[in-house]
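As structure tokens, the structure follows; a few thoughts come after it.
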Amino acid sequence: MFMPPCSTKDRSSSAPSPQNLTLSQMNDHAKKAINKPARLRAPSSAPGEIRASSVPSADLQSHSVVRTGYPTPISVMVGLSLGEQNFIKGGIAQDLRTDGRKRLAYRPIFVETGVIPQASGSARVKLGATDVIASVKAELGKPNPSHPDKGKVSIYVDCSPTAEPTFEGRGGDELSTELSSALQRCLLGGKSGAGAGIDLSSLSIVEGKVCWDLYIDGLVVSSDGNVLDALGAAIKAALSNTVIPKVQVAANASSDEQPEVDVSDEEFLQFDTSAVPVIITLTKVGKHYIVDATTEEESQMSSAVSVSINRQGRICGLTKRGGAGLDPSVILDMISVAKHVSEQLINKLDSEIAAAEACDEETEMDS
């Protein structure tokens, strides 16, 4: 049964808002939730059903790190009749979606790597009818003075006008900005770099002098929902395909001078993606939440929470969209479910990436 939200008086006296959870606290609570699932969901609850948590509100301290990405919901111009809307909601309530999936099941995923030869790494991911491409370009740069021992990563997303009618004009520009910001939060952590899924310190060459700058570009070719998760998977696949030239630093340079570096044309280093997370978006429709929502399902949502989780089970970032609020206990419940789902997605994605890279090697040998 869905527990109604606390009154204004109860909220101020017991549980703080979701903006008052730290990443470390979310990891701790989610770890407890997995070890003791009965505390979060009664044994009789169906997968994807939202229930209240018994996690004590006193454990939620006040340090704001949970950001609300997507300040406005993604506009989906879906012309559904009232009967079709009820059919979608009723199917989700019955754990049988319109395409035959259960609430926590993904559509078939397809991965192709090395799709852009000029890039340092690239990949194409198809998630059902959602089709995205990600590319990585590595260039030498200078570290930020505030983080002299780290490299830099920039993420930008472009939405093709042919992918969705709403992507034409300002609609596509606004969505591009929202997706770029959400990916920054989910993959790069806070301003300090804490919790980042991409190890920025591995991009440092000479502290305070030289580093690698990674420019990650995403393109939405076709959209049928769950674009953020698909882009996250494409970026992970593109990074696994990324090779960075080996750099030799001149030994005779003084500490005050800009060091001379020699970039190799023959020796390359494989980018380490062991800690790069996947993004799991849980979309709330009625009293239940689903993963990998289609465009039609997204048109019926009240809110959605996206959690980035790596293979070690660590939460790297969290973002929320949609106007409806969520109780902190519900968010903790959703995080524990996202952790469970992430294991399956990571295994499937790694398998697809390995198959794609093996196919690339065979193609190179044949040529």
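The values are calculated or read from the model by the stated rules, or taken from the named source; none is laboratory data. What you are looking at is a predicted structure, and each value in this text was computed from that prediction instead of being measured. As a convention, Cβ positions derive from the backbone with ideal geometry for all residues, glycine included, and neighbour counts pool all protein chains shown. What goes into the accessible areas is simple: the full protein's heavy atoms, side chains included, and nothing from ligands, DNA or RNA. Shrake-Rupley method; radii C 1.70, N 1.55, O 1.52, S 1.80 Å.
Below are the figures for this structure:
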item	result
Reduced Cα scattering model of the stretch 264-367, Debye log10 I(q)/I(0), q = 0.11, 0.23 Å⁻¹	-0.47, -1.22
Charge-dipole axis of the stretch 259-323 as Lys and Arg at +1 and Asp and Glu at -1 on Cβ define it, positive-most pick from Gly286, Val276, Ser306	Gly286
13 Å Cα-Cα reach of Lys209 towards aspartates and glutamates, excluding residues that sit fewer than 8 places from it in its own chain	Asp149, Asp256, Glu257, Glu260
Mean accessible surface per residue for the stretch 285-367, computed with a 1.4 Å probe while every protein chain stays in place, in Å²	39 Å²
Formal net charge of residues neighbouring Ser274 (Cβ-Cβ distance under 14 Å; K, R +1; D, E -1)	0
Cross-link reach list, aspartates and glutamates versus Lys287, counting only Cα pairs under 16 Å and skipping chain neighbours closer than eight places	Glu49, Asp95, Glu297, Glu298, Asp327, Asp333
Percent accessible area from carbon and sulfur atoms, the stretch 214-367, protein chains only, probe 1.4 Å	46 percent
Probe 1.4 Å, all protein chains present, accessible-area order of Ser202, Ser303, largest first	Ser202, Ser303
Residues with amide H under 5 Å from that of Gly286, placed H, sequence gap 5 or more	Ser302
The stretch 232-367, relative contact order [Cα under 8 Å, separation at least 6], %	19 percent
Under the Karplus curve 6.51 cos²θ - 1.76 cosθ + 1.60, θ = phi - 60°, whole-Hz ³J(HN,Hα) for the stretch 121-137, x wherever Gly or Pro sits	x, 7, 7, 10, 10, 10, 10, x, 8, 7, 10, 9, 10, 10, 10, 10, 10
